[in-house]
Amino acid sequence: MAKIDQSQLTPKTGSGYPEPYASMMSKRSYLRLGDAGGLTQFGANITILEPGGLSSMRHWHMHEDEFVMVTQGEVVMVTDEGETVLQAGDCAAFPAGVANGHHFRNSSVAEARFLVIGTRAARETVYYSDVDMMVEDVDGVGTYTRKDGSPIPG
């Protein structure tokens, strides 16, 4: 079956981040479209941000490309260059290995949604620009540490 009925998907909430960062994602959920369609080489998700919500901690990927297209509402894209408002139809791309941390914030009073498409590498390292955190992901299992590799307390 090629058509994916979004209304039949259960939004995923929560975060794999350690605290206090996990709690900061309480206004974010997403629909795993690629998983629902059986895709294995890249991920495709609809991220849903309630007003005041963040998509993630500001981050960049060593081995995975990421593409975003706003499908509903308005978000603020935050990168090393500053803040840019994106509206429905606007797109952004983040090539693997480019150390330009990014995330999206919903500063509006309405729900916002955006499509995220990204590579699924067997091994990935993600660095978080504004906090002392990184994650090493091997075959879908992520281990969060400080940037020097030491454990994060808690």
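The values are calculated or read from the model by the stated rules, or taken from the named source; none is laboratory data. All of these numbers come straight from a predicted model, not from anything done at the bench. Quick reminder, even Gly has a Cβ in these numbers, built from the backbone with ideal geometry, and neighbours come from all protein chains shown. SASA here: full protein model, heavy atoms, side chains in, ligands and nucleic acids out. Shrake-Rupley method; radii C 1.70, N 1.55, O 1.52, S 1.80 Å.
Quick notes
- In this entry, G16 is excluded by the filter for residues that are in a loop (DSSP other than H, G, I, E, B), in contact (Cβ under 8 Å) with a residue 12 or more places away in the chain and on the phi > 0 side of the Ramachandran plot.
- Taking residues in segment 116-129 that are in contact (Cβ under 8 Å) with a residue 40 or more places away in the chain and under 24 Å from D90 (Cα atoms), and partners anywhere that are open to solvent by 20 Å² or more (accessible area, probe 1.4 Å) and charged (D, E, K, R), the pairs with Cβ atoms closer than 6 Å and at least 6 places apart or on different chains are G118/E64; G118/E66; T119/E64; T119/D65; S129/R58.
- Counting the residues of segment 67-84 that are within 26 Å of Q6 (Cα to Cα) and open to solvent by 30 Å² or more (accessible area, probe 1.4 Å) gives 6.
- For the criterion of being crowded, with 16+ Cβ neighbours inside 10 Å and touching a residue at least 12 places away in the same chain (Cβ under 8 Å), S55 passes.
- With respect to the conditions (1) among the hydroxyl-bearing types (S, T, Y); (2) closer than 30 Å to G149 by Cβ; (3) surrounded by fewer than 16 Cβ atoms within 10 Å (Cβ to Cβ); (4) within 16 Å of the chain's Cα centre (by Cα), T40 falls short on a single one, namely (4).
- When segment 108-139 is limited to residues that are surrounded by fewer than 15 Cβ atoms within 10 Å (Cβ to Cβ) and of a type in the set (G, A, S), the one that is farthest from the chain's Cα centre (by Cα) turns out to be A110.
- Top-ranked residue in segment 14-37 [being hydroxyl-bearing (S, T, Y) and under 22 Å from M77 (Cβ atoms); ranked as surrounded by the most Cβ atoms within 10 Å (Cβ to Cβ)]: Y17
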